[in-house]
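Data first, discussion second: the structure below is written as structure tokens.
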Amino acid sequence: VASIRETESEPLLCRYLLRAAHVFEVGDRLDDSLGFAREAFSIAERFSLCNSACHAARRLGWAYLDRLSTNDVALWTDKGEAWANRTQHPASIADLSVLRAEVALAQGSLGEADAFFEKSRLLWGPLKHPRAEAHALALKIALAVEKREEIVAVDLDEIWRLFRTLANRSMLDLAIGRFALGLAASGRNTDAARMIHDYLSMFRRERGPV
């Protein structure tokens, strides 16, 4: 990033800032990741780089969701949607719909959360990326628990598959917490306790508080 700054090509710098934001996220340096993503968004907004602006806003929305900062999630989801409406890229709209569902759920608007979740599901189709699968399943479980609905057996099996696949990745506290919640809500308290114990003692990458 430092060498690209010297070229004074801000569109190029924007791309490298987004790459650096991802690297810092994986390396558990979330504050640095947020800073680079915000700078990338500022450049993309100034130069009307629609895809980069949307990408940066989505990255910021997910990062703030991991911190349970609903107001910031709503802010960056709004910004992302403004750019996604220009590109009409289905994956971006689907991703932002999940974030919109998360905001609605946090505000207690279950009907709205359900609608946005369904919109995202229809746009995405079958998910092929484990992290996207995990976030989608975690949200589905949270909605089911809030509505006091039974969690189906196939979703309980998926919880363990995704846990084994992703437990050592970054920014998964919320998803893992919801997985354990789903197990407990289904009467599998021992499994829920084991998942939390294993995650915190063996897999969690973040050094800060849960």
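The values are calculated or read from the model by the stated rules, or taken from the named source; none is laboratory data. Just so it is clear, the structure is predicted and the values come from calculations on it, not from any experiment. Protein only, heavy atoms only, side chains kept; ligands, DNA and RNA dropped before computing areas. Shrake-Rupley method; radii C 1.70, N 1.55, O 1.52, S 1.80 Å.
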**OP:** Provide the per residue accessible area, probe 1.4 Å, for the stretch 53-210, rounded to a whole number of square angstrom.
**Re:** 50 Å²
**OP:** Any chance you could give the angle, 0 to 90 degrees and rounded to 10, that helix 70-87 forms with the longest Cα principal axis of the chain?
**Re:** 60 degrees
Original post:
Using the Kirkwood radius built from alpha carbon pairs, what does the Stokes-Einstein equation give as D for the chain at 20 °C and 1.002 mPa s, in µm² per second?
Top reply: 120 µm²/s
**OP:** Rounded, prolate or oblate: pick one for the stretch 30-95, where a ≥ b ≥ c are the square roots of the eigenvalues of its C-alpha gyration tensor, a/c under 1.5 means rounded, and failing that, prolate if a/b is larger than b/c, else oblate.
**Re:** oblate
Subject >> With every protein chain in place, the stretch 79-150: carbon and sulfur % of accessible area (1.4 Å) >> reply: 51 percent
Original post:
Taking only Cα atoms, what is the 0 to 90° angle, nearest 10, from helix 153-166's long axis to the longest principal axis of the chain?
Top reply: 50 degrees
**OP:** Round to the nearest 10 and give me the degree value, 0 to 90, for the angle of helix 189-198's Cα axis relative to the longest principal axis of the chain.
**Re:** 40 degrees
**OP:** Would you mind calculating the gained length between residue 42 and residue 202 on full extension (0.36 nm times residue separation, minus the Cα-Cα distance), in nm to one decimal?
**Re:** 53.8 nm
Original post:
When the accessible area of the stretch 27-68 is computed with all protein chains present and a 1.4 Å probe, what percentage of it is carbon and sulfur?
Top reply: 48 percent
**OP:** Rounded to whole Å and ordered largest first, report the semi-axes of the equivalent ellipsoid of the stretch 36-145 derived from its Cα gyration tensor (root of 5λ).
**Re:** 23, 15, 12
Original post:
Along each of its three principal axes, how wide is the spread of alpha-carbon positions in the stretch 108-210, in whole angstrom units, largest first?
Top reply: 37, 28, 26
